[in-house]
Amino acid sequence: MYLLNRQQRHVVNYSWMIVSLLLVAFLPFFLFLGLYLKSFLLLHDYSLVDLIFSREWRPSNGKFGFYPFIVGSVWVTLVAMIITAPICLLTAIYVTQYTKKYFLRIMHPAIDILAGIPSVVYGLWGILVVVPFISRYLGPWLEIKTMGYSILAASLVLSIMIIPFVLNILIEIFKSIPTELKEAALSLGATQWQTVKSVLLRKAMPGIIAAFGFGLARAFGETMAVLMVVGNVVRLPKSLFDPGYTLPALIANNYGEMMSIPRYDSALMFAALLLLIVSLFFNLVMHFFIVKYNKY
């Protein structure tokens, strides 16, 4: 490199930047292509409708119905977001609009610590605290018989896991709103809450929706913590207290043992393909909201 002149070094560095850019841009396509090729054996033998909507999962009998896993993933993800959304939104409003700046500087390390805790630690906490609480106290209080390993347990653990992710995005969104908007509303006689409700929330709404969408995409693919408390029973859950089974848990539980069975291996790759498609969908939709947010 040192033997090259300045112009040649510029060309080499520029070429590396282009290669890196193309790699990042096409990486989702490569992931999709690889998973599709690995899933092709299953897709060749079964129709897509049968795979997605069939309720029977008996690989030894050639029945690969992913519907219980899709429903389990949707239940856990949506309930987790229902718990997470108001907590994160109200917290973001409070720390950015009602507290001193030093309080936010204290909050950021705490949020980062929560984000850095390994998922298996959250799973162990769920086994030691959440599952016994549901089985011994919440279930009997509601007159529901449950072992504790359930959709609700997985949702509670998952909601705590994604709070730092969603909260950080919401805080940055509220911090990016021009202070002139707030000052203008206050100068017209609006109260602090009226300013937040009628001005700041309206301005930040596309970003808020995007933050929740990214949280959904992140939660949908979470594996280890959910796997440890969801119950891993292949059936359609009828309530939050029933056990379930998610797509990431299916892959984690079976992939190492089933690589030698081609059709089973292809089925697990199809589960990964479904996860990738859902994540890409949420991210593309939320990117649209971010672009719309930046225009105003």
**OP:** Can you tell me the relative contact order of the chain? Whole percent, Cα pairs under 8 Å, sequence separation 6 or more.
**Re:** 26
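Only four residue types carry charge here, +1 at the Cβ of Lys and Arg and -1 at the Cβ of Asp and Glu. Report the dipole size of the chain about the Cα centre in Debye, rounded to the nearest 20. Could the numbers behind the result be given before it?
On the way: 22 positive and 12 negative charges, 141 e Å.
Dipole magnitude for the chain comes out near 680 debye.
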**OP:** Positive end of the charge dipole of the chain (Lys, Arg +1 and Asp, Glu -1 on Cβ, about the Cα centre): tell me which of Gly244, Val278, Tyr137 has its Cα farthest that way.
**Re:** Val278
Subject >> For the chain, with +1 on Lys and Arg beta carbons and -1 on Asp and Glu, the positive-most of Leu23, Leu42, Gly123 along the dipole >> reply: Leu23
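Taking every pair of Cα atoms in the range 106-155, average 1/r, invert it to obtain the Kirkwood radius, and report Rg/Rh to two decimals.
For the range 106-155, the value is 1.15.
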Subject >> DSSP H segments from the chain that extend 30 Å or more along their own axis, Cα-based, with Kyte-Doolittle mean of -0.5 or above >> reply: 6-45, 67-97, 151-175, 262-295
Original post:
Only one of the listed values, (i) 19.0; (ii) 22.0; (iii) 20.2, was derived from the coordinates as Kirkwood radius over Cα pairs in Å; which label is it?
Top reply: (ii)
Subject >> Whichever aspartates and glutamates have a C-alpha closer than 20 Å to that of Lys145, once near sequence neighbours (fewer than 8 apart) are set aside >> reply: Asp242
Subject >> Fluctuation leader among Ala92, Ala184, Ala153 - the chain, Gaussian network, Cα springs under 10 angstrom >> reply: Ala184
Subject >> Residue-averaged 222 nm ellipticity for the chain, from DSSP H runs of 4+ at -39500 (n - 2.57), nearest 500 >> reply: -24000 deg cm²/dmol
Original post:
Given springs between every Cα pair under 10 Å in a Gaussian network model of the chain, which of Gly72, Gly244, Gly189 has the largest fluctuation?
Top reply: Gly189
**OP:** Please report, largest first and rounded to whole Å, the three semi-axes of the ellipsoid equivalent to the range 52-130, where each semi-axis is the square root of five times an eigenvalue of the C-alpha gyration tensor.
**Re:** 40, 16, 9
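Read-outs: derived from the displayed coordinates by stated rules, not from any lab. The structure presented is a predicted model; accordingly, all values stated were derived computationally and were not measured. As a convention, Cβ positions derive from the backbone with ideal geometry for all residues, glycine included, and neighbour counts pool all protein chains shown.
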